Amino acid sequence: MASRIRVGIAGTGSYLPERAVPNSYFEEFLDTSNEWIVQRTGIRERRFAADDQATSDLSLEAARRALEAAGIQPSDLDLIVLGTLTPDYLLPSTACLVQDRLGAKNAGAFDCNAACTGFLTALHTGEAFVAAGRARRVLVIGAETLSRFVDYTDRSSAIIFGDAAGAAVLMPHEDCGQGEVLKTHLGADGSGYDFIHMPGGGSRKPPTPESLAAGDHFIKMRGREVFRFAVEHMSEMIQLMLEGEDPEELTLIVPHQVNRRIIDSALDRLEMTDEKVAINIQDYGNTSAATVPVAFDEAARAGRLEKGKLVVLVAFGAGLTWGATLIRW
Ligand SMILES: CC(C)(COP(=O)(O)OP(=O)(O)OC[C@H]1O[C@@H](n2cnc3c(N)ncnc32)[C@H](O)[C@@H]1OP(=O)(O)O)[C@@H](O)C(=O)NCCC(=O)NCCS
C-alpha cells in the first residue's frame, strides 16, 4: 500500500449575508424576549440570506475567499465536497452549482448531509482523498440557508438558526506548509434521528398540500435532549482529540456554535476556560454546517492560530452525528 500523504489546510474563507436580525425581531410575533434568548442561548443576532440568495450563493462567496487565501485558481481544484442540510434543490447537488459558477472545470463535486457535522464530514472526506493520492486540491464547504426551513411559530427553534457559509482548501502539506490534519473522527447514532428532523418533503412523506399546511417541511427539534447529547459529545470529542497531546500545545478549540450554554457546560466538564475557544454565536446564531468553518476562518484572519500549535474542531448534530479534527497549524 502506498504511504499516506500528509494533508494541510492551505486557506479558509467565509461569507455572512448582510441582513442582521436582532432578537427583537422575534418579540414582534412570538412569546419571547431578548433577555430570554440571550440568557438561554447567548445569541444576540443572526444573519438571514436575501430573498435571491440560496445556499450555493453563500457557498460561492466563501469558496472564492478560501481559494484566494490558498493562492490557487478554481481550475486547480480536483474535487468539491459540500456539507449542507439546506441545499438549493433536492436534485442536483449544491456542490455542482458551485463547481459551475466557480469555473472549477476539472473538479468532481458532491454534497454530504451530516447536518451540523456537515463541514467536518466534508473536511474528513476531502482529507482522505488527498491522503490517498486521489486528489491534490480539494475545496470543502459548510453552508446553510436555515432561515427557509425554520418554523416561525415555534419559539424554541425559530430563535436559534441563521444563514452562513465557510470553506477551506486542502492540499498535500508539502505544498502549503500549514494546517496539517493530524486526527479525524466521525460518529453517528441514527436511533436519535428524530431529535432534530424535517419529517416532510422526502421519500417517506412527499410534499402534499396537507403536509405543507402542517409545516412538516420545517425543522423539528427536541431541544432538551439535543442539549444533553451535545454537551456529552462535545466534551468527549475534545478529550479524544487531545489524548496523548501536550495541553500546552493547544492554541484554539473551534466548537459548533449551538448554544453558548452547551459550550460552557462542555468546558466545565473538561475543567477548561473559554480563553482558547472561538465563540461567535452571539453574532450569527446556529448556522449548522457553517458554524465551524466560519469561526475557524475568523480565527485564522484574526491571527488566533499559532504556527505549529494545535487546533481542535468539534461538531455534532442531527442524525445523530458528531465529529472532530485535530490540526497542527
Ligand atoms: C432550544 C433551547 C434553547 C431551549 O432552552 P432550554 O433552556 O433547554 O429550555 P427548555 O426547552 O427546557 O424550556 C424551558 C421553558 O422555556 C420556554 N421557551 C422555549 N423557547 C423560548 C423562547 N424563545 N422564549 C421564551 N421561552 C422559551 C419553553 O417553552 C419552556 O417553557 P415551560 O417551562 O413553560 O414549558 C435549548 O434546549 C437548546 O439550545 N438546545 C439545542 C438545540 C439546537 O440547537 N439544536 C440544533 C442542532 S445541533
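Just so it is clear, none of the values below were taken in a lab; they were calculated from the coordinates. All figures in this text were calculated on a predicted structure; none of them were measured in a lab. So basically every Cβ, Gly included, is an ideal-geometry build from the backbone, and we count neighbours across all protein chains shown.
Computed quantities for the displayed model
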| item | result |
| --- | --- |
| Computed magnitude of the charge dipole of segment 7-177 (debye, nearest 20; Cβ of K, R +1, Cβ of D, E -1) | 420 debye |
| DSSP beta bridge pairing in the chain, given as percent antiparallel to the nearest 5 | 70 percent |
| Estimated inter-spin distance, Asp246 and His185, nm [label 7 Å along Cα→Cβ] | 2.2 nm |
| Average projected area [Cα convex hull, the chain], square nanometres | 16.7 nm² |
| Within the chain, longest stretch free of exposed GluC sites (Glu not before Pro) [DSSP loop, at most 16 other beta carbons within 10 Å] | 29-242 |
| Additional length obtainable on full extension of the chain from Lys205 to Asp264, 0.36 nm per residue less Cα span | 17.5 nm |
| Whole-Å distance, taken between Cα centres, linking segment 145-207 and segment 271-329 | 14 Å |
| Helical contribution to [θ] at 222 nm, DSSP H n ≥ 4, -39,500 (n - 2.57), averaged over the chain, rounded to 500 | -9500 deg cm²/dmol |
| Loop-located chymotrypsin sites (Phe, Trp or Tyr not before Pro) in segment 47-141, at most 14 other Cβ atoms within 10 Å (DSSP) | Tyr89 |
| Filtered trypsin sites (Lys or Arg not before Pro), segment 156-237: DSSP coil and at most 12 other beta carbons within 10 Å | Arg204 |
